[in-house]
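The values are calculated or read from the model by the stated rules, or taken from the named source; none is laboratory data. Being a predicted model, the structure only gives us computed values, none of them experimental. All accessible areas refer to the heavy atoms of the entire protein, side chains included, with ligands and DNA or RNA removed. Shrake-Rupley method; radii C 1.70, N 1.55, O 1.52, S 1.80 Å.
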Amino acid sequence: MIPFQFITAFLLIFMGLYAFLYKRNLIKLILALDIIDSGIHLLLISLGYRLEDGTLPTAPIYTGYETLKGTPMVGPIPQALVLTSIVIGVCILALAMALTVNAYRHYGSLDINKLRRLRG
């Protein structure tokens, strides 16, 4: 059986892809990319949690690990990658929104079809 978090992650990715392919407003396209990014983050974090011996793994905090010997631990690498990806994603989102605001001020429209015609 597929766990709920994997279904949710793929649902977020597919919803973002649908919005990215069929919407023509720049702000909606940026939000669609953010939804795809959130789905990928959820998928990567979900891949870090694996059930071993029917027990849930503990967080990768190594303080007091001596008392938890024999219990599975969550892999810290997917969590570190997702944390880095969140920071990069927020920077890209802010840059894209700034470019969108400047495009609206300059051209007076956020429709990508109208902006494509202005290309020259």
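Somewhere in the range 35-51, is a residue modelled with pLDDT under 65, more than 18 Å from Leu11 (Cα to Cα) and over 14 Å from the mean Cα position of the chain (by Cα)? There is at least one residue in the range 35-51 that is modelled with pLDDT under 65, more than 18 Å from Leu11 (Cα to Cα) and over 14 Å from the mean Cα position of the chain (by Cα). The residue that is farthest from Leu42 (Cα to Cα), counting only those in the range 58-84 that are open to solvent by 40 Å² or more (accessible area, probe 1.4 Å) and modelled with pLDDT of 65 or more, is Met73.
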